[in-house]
Every structure is written in structure tokens, then in C-alpha cells.
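Step one of this worksheet: look at the structure below.
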Amino acid sequence: MANQTMTQVDQQLQKQLNLQIANWTLMYTKLHNFHWFVKGSNFFTLHEKFESLYDEAAGYIDDIAERLLAIGGTPVATLRESLSIATLKEASGKETADEMVAAIIADFETLSSDLKDAMETAAQVEDEATGDLLLGVLSALDKHRWMLNAYLGK
């Protein structure tokens, strides 16, 4: 750690974990929006898929927040805090079914990139437990992106 002290890297990891919590909190709400407002011939398929994804998102929020607490951090715990640091955008409420799926894919790409950054930071501080937790989320997102892209014919 030539340019950063261990404390700075620990703080950076805590900030990255809070970004994950904030983005997953926003994602949880967005997935509910999509679940409630999806229309069209694929309603049943997407309605069920969005529910599955928001249930998964809820688990990630809890798992990452608990890990952050375990390493001495303080997770964001209000919508105001989450919205102030989230890099994902809320749903407009006017998306078509395919636009909903495309938005989720794009958000999962952002989340994946941020997860990789946090995993690198966790490795720097030799926090294998955090790195392992994040790797599990990343693996799930890779599969979801593949499946959602296949749904769009990509």
C-alpha cells in the first residue's frame, strides 16, 4: 500500500459497501415498480421474475449491511441517505416491458463494476469474508445478465 494507509483502505471499503447498500436499496424499489407496472404478453413471466429479483435484492441489502457492521462500519439506513449516494437511477414509471429488462441489465452492469472495485479493496485489506460475499453477488448478477439478455434476444 504505497500511497494509502490501511485505515484509508478500510474506509474506502466501507464507502464501497455503503454504495452497494444504497444501490441495492434503490434497485429493490425499482424492481417493485417494474413488478407492479409491467404490461404485455410477457406479463406473467416478468411479473414473477421481478418479484424474484426484488426478494434477492432484499437479501443483498441485509447481508452487505450486516457485513459492514461486522467490520466496524455504519450502513446507510434511510432512503434519503441511499438516494444521496446511489449511482443508479430511479424508474420513470413509463418503461415498456423490454425497457424494464434493459434497465435492469444496465443497473446490474453498474453494480457488477462497483462490486469488482470493492472486491479489490477487500483483497488489499485481506478481508476474504467481504470479498467472498461480494463474489457471490457478482456471480449471481453475471447469471441474471446472461438470462435477461437472452430474454431480449441478445
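The values are calculated or read from the model by the stated rules, or taken from the named source; none is laboratory data. What you are looking at is a predicted structure, and each value in this text was computed from that prediction instead of being measured. Cβ sites come from the backbone with ideal geometry, for glycine too, and all protein chains shown count toward neighbours. SASA here: full protein model, heavy atoms, side chains in, ligands and nucleic acids out. Shrake-Rupley method; radii C 1.70, N 1.55, O 1.52, S 1.80 Å.
Of the GluC sites (Glu not before Pro) found in the stretch 1-94, the ones in coil according to DSSP and having at most 15 other Cβ atoms within 10 Å of their Cβ are Glu90. Work out the charge dipole of the stretch 1-121 with +1 on the Cβ of Lys and Arg and -1 on the Cβ of Asp and Glu about the Cα centre, then indicate which of Gly93, His47, Leu115 is farthest towards its positive end. My answer, from the dipole projection, is Gly93. For the stretch 8-152, the solvent-accessible area works out to 52 Å² per residue, with a probe of 1.4 Å and every protein chain left in place. In a reduced charge model with +1 at each Lys and Arg Cβ and -1 at each Asp and Glu Cβ, the chain shows a dipole moment near 560 debye about its Cα centre. Spatial offset of the stretch 110-127 relative to the stretch 132-150 amounts to 15 Å, using the alpha carbon center of each.
Pairs of lysine residues in the stretch 8-152 that meet both criteria, 8 or more places apart or on different chains and Cα atoms under 30 Å apart, total 22. Protein heavy-atom surface of the chain, 1.4 angstrom probe: 52% of the accessible area is carbon and sulfur, with nucleic acids and ligands not counted.
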